[in-house]
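Readers should treat all values here as calculations from the given coordinates under stated rules, not as data from a laboratory. From a predicted model like this one, the values you see are computed outputs, not experimental measurements. Neighbour counts run over all protein chains shown; Cβ positions are idealised from the backbone, glycine included.
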Amino acid sequence: GRMAQDMTEKELLKMELDQLKKEVKNERQMVSKTGKEIKEYIESMAGEDPLLKGIPEDKNPFKEKGGCTIS
């Protein structure tokens, strides 16, 4: 698609309207209900979360292959 700054105001408003038409169909729920569900889900998955438990060195794709020494 075109960049937003290259579009006319009418095109931008049409794009926004199209987006709102999609969003109005979304089912809405109270944060007091969904917040609790999200918290329970996060806590139940914590044991599998690499950000919490770390990544084993042998499975880390970002581990440096070798180092360099300055002498």
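Note on region 1-67: Cα convex hull, mean projected area over all directions, 10.0 nm². Extension gain, Ser71 to Asp58, is 1.8 nm, computed as 0.36 nm per intervening residue step minus the present C-alpha separation.
With each label modelled as a point 7 angstrom along the Cα→C-beta vector, the Lys36-Lys10 pair spans 5.1 nm. Each stretch of four or more DSSP H residues adds -39500 (n - 2.57); spread over every residue of the chain, this sum gives -14500 deg cm²/dmol at 222 nm. The amide H of Met7, built 1.01 Å from its N in the peptide plane, has no neighbour under 5 Å, considering only residues 5 or more places off or on other chains. Backbone phi angles across region 63-70, fed through the Karplus curve with coefficients 6.51, -1.76 and 1.60 (θ = phi - 60°), yield HN-Hα couplings of 5, 5, 6, x, x, 10, 10, 9 Hz in residue order; Gly and Pro are listed as x. Pairs of Lys residues in region 2-57 that lie 8 or more places apart, or on two chains, and have C-alpha atoms under 21 angstrom apart add up to 6. Relative to the longest principal axis of the Cα atoms of the chain, the long axis of helix 31-45 makes an angle of roughly 20 degrees.
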